[in-house]
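Enquirer: I have a structure here, written as structure tokens, and I will follow up with some questions on it.
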Amino acid sequence: MADHNLLGKAGEHEAVEFLVRQGFTVRETNWRMGKLEIDIIAQEPGMVLHIVEVKTRSSDVHFDPMRAVTAAKKRHMIASASAYLNYYKLQCEVQYDVIILVGEPGAFRLEYYPDMFLPKLKTYR
């Protein structure tokens, strides 16, 4: 496996451990349906479902990892969450979170951004 893939896997593992320490139940990791994918699906006590995007970088000197959460990535997260909810026939509140990890395995700096954005509402005329 390439070094960047190993770094990404270590970052996702650290993100899962962080969420569990915060009291979340992790329902899924790397959930896929076709081209749709969700890094982490977690649930806090109650029925709020957290769709978590994890960005892991060895350094943030030349590039802010948050810039990787583009409008296209947000649309992908929303479509993936919709597919997940439809597949499991769930009706619950959904929150979109981002976890940024910078550094090396065992020495990551973790930044958690809960409720990063709201999906745009579709209106019908």
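The values are calculated or read from the model by the stated rules, or taken from the named source; none is laboratory data. The model shown is predicted, which means the values in this text are computed figures rather than measured ones. Glycine gets a Cβ as well: all are built from the backbone with ideal geometry, and neighbour counts include every protein chain shown. Ligands, DNA and RNA are stripped out before the accessible areas are found, and what is left, the full protein with its side chains, is counted by its heavy atoms. Shrake-Rupley method; radii C 1.70, N 1.55, O 1.52, S 1.80 Å.
Enquirer: About the Cα centre of the chain, how large is the charge dipole given +1 on each Lys and Arg Cβ and -1 on each Asp and Glu Cβ? Please answer in debye to the nearest 20.
Expert: So the magnitude is around 720 debye.
Enquirer: How long is the gain from residue 115 to residue 36 if the chain were fully straight, where each residue apart is worth 0.36 nm and the alpha carbon distance is subtracted?
Expert: Full extension from residue 115 to residue 36 adds 26.4 nm.
Enquirer: Work from the charge dipole of the chain (Cβ charges, +1 for Lys and Arg, -1 for Asp and Glu, about the Cα centre) and give the residue of 68, 113, 91 farthest towards its positive end.
Expert: 91
Enquirer: To the nearest 10 square angstrom, how much accessible area does residue 55 have with a 1.4 angstrom probe?
Expert: 30 Å²
Enquirer: Further question: For the chain, what is the mean residue ellipticity at 222 nm derived from helices alone (per DSSP H run of n ≥ 4: -39500 (n - 2.57); sum divided by total residues; nearest 500 deg cm²/dmol)?
Expert: Mean residue ellipticity, 222 nm, calculated: -10000 deg cm²/dmol.
Enquirer: Further, regarding this structure: From largest accessible area down, sort 99, 78; use a 1.4 Å probe on the protein chains.
Expert: Reading off the accessible areas and sorting them downward yields 78, 99.
Enquirer: Using Kirkwood radius over Cα pairs in Å as the read-out, say which of [x] 15.2; [y] 16.4; [z] 15.8 was calculated from these coordinates.
Expert: [x]
Enquirer: Still on this model: Counting only protein chains, not ligands or nucleic acids, how are 25, 70 ordered by accessible area (probe 1.4 Å), most first?
Expert: Ranking 25, 70 by accessible area, largest first, yields 25, 70.
Enquirer: Given the Cα-Cα distance of residue 107 and residue 89 and 0.36 nm per residue of separation, how much length would full extension add, in nm?
Expert: Result for the pair: 2.6 nm of gain on full extension.
Enquirer: How much net charge surrounds residue 103 when only other residues with a Cβ under 10 Å from its Cβ are counted (Lys, Arg +1; Asp, Glu -1)?
Expert: -1
Enquirer: What longest range of the chain stays clear of loop-exposed chymotrypsin sites (Phe, Trp or Tyr not before Pro) (DSSP non-H/G/I/E/B, at most 13 other C-beta within 10 angstrom)?
Expert: My reading of the result: 1-62 is the longest stretch.
Enquirer: Still on this structure, I have one more. Assuming 0.36 nm per residue, please report the length gained on full extension of the stretch residue 58 to residue 13 beyond their Cα-Cα distance.
Expert: Contour length minus the Cα-Cα distance gives 14.7 nm.
Enquirer: Where a ≥ b ≥ c are the square roots of the eigenvalues of the C-alpha gyration tensor, would you call the stretch 13-72 rounded, which needs a/c under 1.5, or, failing that, prolate if a/b is larger than b/c, or oblate?
Expert: Here the stretch 13-72 falls in the oblate category.
Enquirer: Also, quick follow-up: Kindly report, to the nearest 10 Å², the accessible surface of residue 64 as traced by a 1.4 Å probe over protein heavy atoms only.
Expert: 80 Å²
Enquirer: Another question, then. Using a 1.4 angstrom probe on heavy atoms only, work out the carbon and sulfur share of the accessible area of the stretch 20-125 in %.
Expert: 52 percent
Enquirer: For the chain, what relative contact order do you get, as a whole percent, if you take Cα pairs closer than 8 Å and at least 6 residues apart?
Expert: Across the chain, relative contact order equals 23 percent.
Enquirer: Express the accessible area of the chain per residue in Å², computed with a 1.4 Å probe while the remaining protein chains stay in the model.
Expert: Accessible area per residue, the chain: 63 Å².
Enquirer: If you restrict to DSSP beta bridges whose two residues both lie in the chain, what percentage is antiparallel, to the nearest 5?
Expert: 65 percent
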